[in-house]
1. Using 7 Å Cα-to-Cβ label points, what is the GLN13/THR104 separation (nm, one decimal)?
2. Express in nm, to one decimal, how much length is gained between PHE29 and THR118 on full extension, taking 0.36 nm for each residue of separation and deducting their alpha carbon distance.
3. Going highest first, how would you order 8-20, 97-109 by mean Cβ packing within 10 Å?
4. So how do 28-36, 61-69 stack up, highest first, on mean other-Cβ count within 10 Å?
5. Rounded to whole Å and sorted largest first, list the principal axis extents of the Cα atoms in the chain.
6. Please report, as a whole percent, how much of the solvent-accessible surface of segment 38-120 comes from carbon and sulfur atoms (probe radius 1.4 Å).
7. Measuring from centroid to centroid over Cα atoms, what is the spacing of segment 79-111 and segment 18-69 in Å?
8. Give me the net charge for the shell around LEU20: Cβ to Cβ below 14 angstrom, other residues only, Lys and Arg +1, Asp and Glu -1.
Amino acid sequence: QVQLVESGGGLVQAGGSLRLSCAASGSIFSINSMGWFRQAPGKQRELVASITSGDRATYTDSVKGRFTISRDIAKNTMYLQMNSLTPEDTAVYYCNIVVRIAITSSLYGYWGQGTQVTVSS
């Protein structure tokens, strides 16, 4: 079993910054990819940013140039630095990890519990 613990959400004014963290623990043999999703009220969950095992990062268009995804391999921790926040960024942010739990295992995906980000105008 794999556990994800998120932290760093909160309330911030427009133009401000927040840094989200997602720490993974448990039976992880290798990490295939990690990503941040968000879900605003009444909207579908969307992929915000992802990073592969080769540290290739991708972003949804609305956050390009403002958000930066990174990870600390030694700590199995992923970060999302969010700058120049706008009210449209308000959502619950979820981290997601895709891992192998053994050398011959299939890929498994896990979700964090979610952390609220609220940006006031």
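The values are calculated or read from the model by the stated rules, or taken from the named source; none is laboratory data. Everything numeric here is computed off the predicted structure, so don't read it as measured data. Cβ placement follows ideal geometry from the backbone for every residue including glycine, while neighbour counts extend to all protein chains displayed. Quick note on the areas: whole protein, heavy atoms, side chains included, nothing else; ligands and nucleic acids left out. Shrake-Rupley method; radii C 1.70, N 1.55, O 1.52, S 1.80 Å.
1. Distance between label points: 6.0 nm.
2. Result: 28.6 nm gained on full extension.
3. Answer by packing, highest mean first, reads 8-20, 97-109.
4. Ranking, from highest mean packing down: 28-36, 61-69.
5. 49, 24, 24
6. Its accessible area is 49 percent carbon and sulfur atoms.
7. Between the Cα centre of segment 79-111 and that of segment 18-69, the gap is 4 Å.
8. +1
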